[in-house]
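The values are calculated or read from the model by the stated rules, or taken from the named source; none is laboratory data. None of the values given here were measured: they were computed from a predicted structure. A quick note on method: Cβ atoms are made from the backbone with ideal geometry, for glycine too, and the neighbour counts reach across all protein chains shown.
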Amino acid sequence: MSTTIKEIRAPLFAIIIGMFMVLLNMTAMNVAIPKLMNTFQSPLSLMQWATTGYILAEAAIIPVAGWLADRFGGRRMFILAISIFTICSILCALSINAEQFILFRILQGLGGGIVMPIGYAIVFRISPPDKIGTVMGSYLGVPILIAPAIGPVFAGWLVDYVSWPYLFWVNVPVGILGICLGLRYLPKLESQAQAKLDKLGMIFGPLAFAALIYGVHQGGDAGWDSMQTIIGLAVGVVALLLFILVELRSSEPLLELRVFRSWSFTSAMLILWLTAVTFYGNFFLIPVYLQQVKGFNAFDTGLLMIPQAIACIVLMQIGGRLFDRMSVKPLVIIGTALLGLGAFLLSRVSSGSGMGMLIVAMTLAGSGHALYGMSLNAFVMKSAPQALINRVTSLNNASQQVMGSFAVAAFSTLLTARVSASSRAIPQVEIWADAFSFTYLVVTAVSIVGVVMGLLIRKPTALTDEAIDQPDARGLDS
């Protein structure tokens, strides 16, 4: 096991490349949808499944990622996931119709869904215990912040000036580099050859997360009273309840839910869920404002979000180093307060507001999240038994995926409802500006809840393996 950051830079670079490739491709796709509609002569109702299908596949595989890492080894599964993603990128670029393209995007989502949780778990296991905050903030935070910022810019340039298949061709050399570095530098972390497969959990877990995300996506698109939304959410809730029951009674669950017995873990997870709402909501709302109110195109919108990303990178590194020297509690309180201040300033902007004020508000909101986001993830992992890191990262990623999807759908609904309720006598630009301001007041309220939750954080006290290894009941083991 490495003892210094210098000794783990090579494996960190392999993981960063894999995460960056996946996140960049995810954020770039939305820009390419109109071009793909024209290329394949397909309606939006069909082409949107290139994004929705990917997200559903990702949500379905994430709960299984921890077991796969335990059973076959994190190194092997991470390299396999990058390989799947790269091969599917080639197939997407060669697609001759919409149906082919969507199928390959769904398969690509299976690879992408494994990369993130297993990457987190490997980083935590190879990092020096006293430097985990620095590693998470200075290294792992880079792809998480840079990719969403440059994704739309990069995609806009490729789609407008090159050709849409190059959105996927560029993944090939990056993926090959990630595979080579992984084979050369990723440590062979021990696997659990006898890790038992939780068959019922394998059924209910992926079904629950995929159905919930489908439901909230349909809620944002078709309305919360639509049949698709009701069925999706109903199936998701029932499957989730059954999944929780099975996992609590299983001796070897797919996702270890008994870690919620630790208050330090539970409080941190609750804040992470609130963070997912504000983080994904922010990345959804800002482009809407810049394009609907200010009239910028996707390329210019991406450029305007770069200053926010740069500030976030700086604050993330500071937050990571502070986490290694102090409790995460002050970072969460200060960070959520900054996020709330930025959100409140964004709620005050209007169609006539200058870009200077907007950039300051965007930077404050993003910097607040950057200050504590990665450190809080490290805190969550420190609060769990080390033997369960693979399962905990899967639980963390799966739940944040659901909350992020819910945030986008909920804020989309708020915006739409506010625009529909506005007087038709008001100019359309003013209607959108008012809806944007109202929605950011909701983000401000969520941030205030985060500040209050931050006050309740305690020191990380991981449950012992003995405490975890006590199922509430036997009989549903699969």
Legend entry - Count of the stretch 231-266 residues which are farther than 17 Å from Tyr214 by Cβ, in a helix (DSSP H, G or I) and not hydrophobic (A, V, I, L, M, F, W, C): 6
Legend entry - Which numbered condition Leu315 fails, given (1) buried (at least 22 other Cβ atoms within 10 Å of the Cβ); (2) over 21 Å from Ser138 (Cα atoms); (3) modelled with pLDDT of 80 or more: (2)
Inset, instruction - Return yes when Tyr280 is assigned to a helix (DSSP H, G or I), over 20 Å from the mean Cα position of the chain (by Cα) and among the hydroxyl-bearing types (Ser, Thr, Tyr) and no when it is not. - result: no
Legend entry - Condition met for Gly73 (in the same structural domain as Leu181 (by TED's automatic domain parsing) and either without any contact (Cβ under 8 Å) to a residue 24 or more places away in the chain or within 21 Å of the chain's Cα centre (by Cα) (or both)): no
Legend entry - Among the residues listed as Ile17, Ile8, the single one being part of a helix (DSSP H, G or I) and touching a Ser or Thr at 6+ places or on another chain (Cβ under 6 Å): Ile8
Legend entry - Hits in the stretch 270-327 - residues which are within 20 Å of Ile213 (Cβ to Cβ) and among the basic types (Lys, Arg): none
Inset, instruction - Out of the residues in the stretch 244-257 that are modelled with pLDDT under 85 and crowded, with 21+ Cβ neighbours inside 10 Å, state the one that is farthest from Ala398 (Cα to Cα). - result: Ser250
Inset, instruction - Tell me, please, whether a residue that is crowded, with 22+ Cβ neighbours inside 10 Å, of a type in the set (Ser, Thr, Tyr) and in the same structural domain as Val451 (by TED's automatic domain parsing) can be found in the stretch 292-301. - result: no
Inset, instruction - Filter the stretch 1-41 down to residues that are farther than 16 Å from Thr52 by Cβ and either of a type in the set (Ser, Thr, Tyr) or outside the structural domain of Ile90 (by TED's automatic domain parsing) (or both) and give me whichever is surrounded by the fewest Cβ atoms within 10 Å (Cβ to Cβ). - result: Thr4
Inset, instruction - Just give me the residues in the stretch 78-107 being touching a Phe, Trp or Tyr at 6+ places or on another chain (Cβ under 6 Å), of a type outside the set (D, E, K, R) and buried (at least 23 other Cβ atoms within 10 Å of the Cβ), in sequence order. - result: Cys88, Ser89, Cys92, Ile102
Legend entry - Test set (1) under 19 Å from Gly66 (Cβ atoms); (2) surrounded by fewer than 23 Cβ atoms within 10 Å (Cβ to Cβ); (3) in contact (Cβ under 8 Å) with a residue 24 or more places away in the chain - Ala208 fails condition number: (2)
Inset, instruction - From (1) over 23 Å from Leu304 (Cα atoms); (2) hydrophobic (A, V, I, L, M, F, W, C); (3) free of Cβ contacts under 8 Å to residues at least 60 places away in the same chain, pick out the condition that doesn't hold for Met136. - result: (3)
Inset, instruction - Mind listing whichever residues of the stretch 342-374 are aliphatic (A, V, I, L, M), touching a residue at least 40 places away in the same chain (Cβ under 8 Å) and closer than 12 Å to Thr444 by Cβ? - result: Ala343, Leu346, Ala365
Inset, instruction - Kindly establish whether Leu303 is of a type in the set (A, V, I, L, M) and modelled with pLDDT of 80 or more. - result: no
Legend entry - In the stretch 109-145, the residues that are among the aromatic types (Phe, Trp, Tyr) and touching a Ser or Thr at 6+ places or on another chain (Cβ under 6 Å): Tyr120
Legend entry - Hey, Leu476 modelled with pLDDT under 75 and crowded, with 22+ Cβ neighbours inside 10 Å or not: no
Inset, instruction - Could you tell me whether the stretch 401-412 includes any residue that is touching a Ser or Thr at 6+ places or on another chain (Cβ under 8 Å), part of a helix (DSSP H, G or I) and either surrounded by 23 or more Cβ atoms within 10 Å (Cβ to Cβ) or not assigned by TED's automatic domain parsing to the domain that holds Phe243 (or both)? - result: yes
Legend entry - Test: Lys35 is closer than 30 Å to Asp130 by Cα and at pLDDT below 85: no
